Amino acid sequence: MSPAAPIDAEPLERIFHEPNRLAILSAVCGQPGGMRFKDLRDACRLTDGNLNRHLKVLEEARVIRVAKQFVDGKPCTTIHLSKTGLKRFQDYLAALEQVLLAAQQALPAESRARAPLLGRVAPA
């Protein structure tokens, strides 16, 4: 049996690798105008408190911007992905893809045949 090739997991930033933050960024990155707090909360199936905690971490890391304003006299919070955050998230996704491809290639041939092939999703 040959030794496995080394896998560089260094680019997998922990800030993005947490499942709820991955869901948050996946939702927000497709919204150039940002996403309202309640819509993001519902899309990610989080509580207000849990979403707030993750947003604070992402905001402190300058991955997102949180804009607060009043709409029709009611407070409205909108979450935007920063340019730096978008670049970092894209780098994370590329690194994750490489790690997943390496894992897929390491599977026995019969398992690999049943595993979905990565990199075959057409861009939206």
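Where a number appears in this text, it was derived from the coordinates with a stated rule and is not lab data. Fair warning: this is a prediction, and the values are worked out from it, not measured in the lab. Here the Cβ positions follow ideal geometry from the backbone for every residue, glycine too, while neighbour counts run over all protein chains shown.
See the values below:
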| read-out | value |
| --- | --- |
| Of Gln90, Thr47, Pro19, farthest towards positive along the dipole that unit charges on Lys, Arg, Asp, Glu beta carbons give region 14-102 | Thr47 |
| Sum of side-chain charges, Lys83 neighbourhood, beta-carbon under 15 Å (Lys, Arg +1; Asp, Glu -1) | +2 |
| Shape metrics for region 14-102, restricted to C-alpha atoms - Rg then Dmax, Å | 13.5, 52 |
| Nitroxide proxy distance, nm - points 7 Å out along Cα→Cβ at Leu86 and Asp42 | 2.6 |
| Cα-projected label distance for Glu59 with Glu97, points at 7 Å along beta-carbon direction, nm | 3.2 |
| Region 14-102 - charge dipole about Cα centre, Lys and Arg +1 at Cβ, Asp and Glu -1, debye rounded to 20 | 220 |
| Partner lysines for Lys83 [C-alpha distance under 18 Å; skip if fewer than 8 residues away on the same chain] | Lys56 |
